[in-house]
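Note sheet for the following structure.
The values are calculated or read from the model by the stated rules, or taken from the named source; none is laboratory data. Nothing here was measured: the structure is a model prediction, and the numbers come from that model. Every residue, glycine among them, receives a Cβ derived from its backbone with ideal geometry; neighbour counts consider all protein chains shown. Protein only, heavy atoms only, side chains kept; ligands, DNA and RNA dropped before computing areas. Shrake-Rupley method; radii C 1.70, N 1.55, O 1.52, S 1.80 Å.
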Amino acid sequence: MMSLKSIMRELKELKDGIGNMSKRGDQSKLWRSRTRSHVAPDEAPLESQLSEQSPWANLPPELLLDIIQRVEESETAWPARAVVVFCAAVCRSWREITKEIVKTPEQCGRLTFPISLKQPGPRESPIQCYIRRDRTSSTYLLFYGLVPSEGESDKLLLAARKVRRATCTDFVISLVADDFSRASNTYVGKLRSNFLGTKFTVYDSQPPCGSMIQSTARLSRRFHSKQVSPRLPACNYSIGTVTYELNVLRTRGPRRMHCILHSIPVSAIQEGGTAPTPSALPQSLDEQLSPLHSSKGKEPIVDTISPSIRATPVFSPGSREPLALKNKAPRWHEQLQCWCLNFKGRVTVASVKNFQLVAAVEPSHNVSPEEQEKVILQFGKIGKDIFTMDYRYPLSAFQAFAISLSCFDTKPACE
């Protein structure tokens, strides 16, 4: 019986072989980077070749299940966890078993496939990430990890680019750091502000799970149609809003923010409640083996969709009350002469951008006091252009990132 290390070594070699063959064919775009981590396509172009050439594709299901379980249990952190993704890239049978074994972030506390970025985080320990801001390119990169590590080997989860328009500001969110076009298969959503920068709307590229929102008033279609798969959604879906209170009297203190998440019912934080959990990205996204790291030497691509068309959520008659989040109230520290929150060592620099969000509930919601005190999302500064972002259930990484991006827009009326 081969050791687990030998199995993982051969899996890596197999994946490298697939990449080399694909570069010689018409599918080279699917392998632009070694760090890509999407689930393999259902009809991989090389699957027939692999079935004939690789003994791994014809393993007995029981043995295959045991191998993938061992790999999944042993490789819990990135970059080593990429081996789990390699398993899904071997062939269809490997992919199906891998998808059955790999649990959601809520269940296991780990991020593996891109769909994990749209699924709720764990209920207890938060998933810890950090954001790196690049002022020259107006980009914001979300990495998986406590703090930046040496060698820039951290896992890139999402990227956003700030686009200023005449009447608003857009933060276009993508799976990659070199393509921010809505016509791209890597587009996952965006954040849009109003003229004053006091209200932001979060848009998702796919309809919310559970059909809480049936449709939206936004019907603008993506341009460059030849780049778009016919199966890719042509609309943005409004899933939430972030509002900052106006500071008319110019009083001292942190910004006051309020979030409404239309795609998450308040029942999700009640005892026995569950949050909507999508099981797959749009088909055209699942069919990519695309990178979560940027490709150097390319200029970012941003589309120029008109911002004039608004989008509002349309609820079904039986829709439930959405979840609301609010700032956790800070306390004034007399000795330090500043407002303070307990970030448990995750925030080290005082900034007006720092915040913690907790559930905003009424007594009629029957939410326990412990759940009301639980910090669902915290964001804060740790260095020049470096910020931490920790989130937990019922938020997903995408939702948490979109909310955090709202802090980077100018808000003179709120400070």
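Here S149 and E321 are evaluated by their C-beta separation; at R0 = 56 Å the FRET efficiency comes out at 0.85.
For region 57-102, carbon and sulfur atoms together expose 53% of the accessible surface, with a 1.4 angstrom probe and every protein chain in place.
Using the beta-carbon distance between L65 and S279 and R0 = 25 Å, what value does 1/(1 + (r/R0)^6) give for FRET efficiency, to the nearest 0.05? Computed FRET efficiency for L65 and S279 comes out at 0.80. Using the Cβ-Cβ distance between N58 and A360 with R0 set to 51 Å, the FRET efficiency works out to roughly 0.40.
Placing a pseudo-label 7 Å from each Cα along the Cα-to-Cβ vector at D385 and E334 gives an inter-label distance of 4.1 nm. Determine the share of region 340-396's accessible area contributed by carbon and sulfur atoms, expressed in whole percent, with a 1.4 angstrom probe. Result for region 340-396: 49 percent of the exposed heavy-atom area is carbon or sulfur.
For region 57-102, report the accessible area per residue in Å² (1.4 Å probe, heavy atoms, rounded to an integer).
Values: 2030 Å² over 46 residues.
The answer is 44 Å² per residue.
Distance between the pseudo-spin-label points of D134 and Q107 (7 Å out from Cα toward the beta carbon): 3.6 nm.
Report note on the peptides 357-365, 56-64: ranked by the mean count of other C-beta atoms within 10 Å, highest first, their order is 357-365, 56-64.
A straight chain from E373 to A80 at 0.36 nm per residue would run longer than the Cα-Cα distance by 102.0 nm. Estimated at the nearest 10 Å², the accessible area of E334 is 130 Å² with a 1.4 Å probe.
Contour minus end-to-end for V349 and A166, with contour as 0.36 nm per residue of separation and end-to-end as the Cα-Cα distance?
Net length gain for the segment: 62.6 nm.
Rounded to whole numbers, the Karplus 3J(HN,Hα) couplings from phi for region 57-63 are 6, 10, 5, x, x, 5, 5 Hz, using 6.51 cos²θ - 1.76 cosθ + 1.60 with θ = phi - 60°, and x at Gly and Pro. Residues whose amide H lies under 5 Å from that of L158, counting only those 5 or more places away or on a different chain, are L142; hydrogens are built 1.01 Å from N in the peptide plane.
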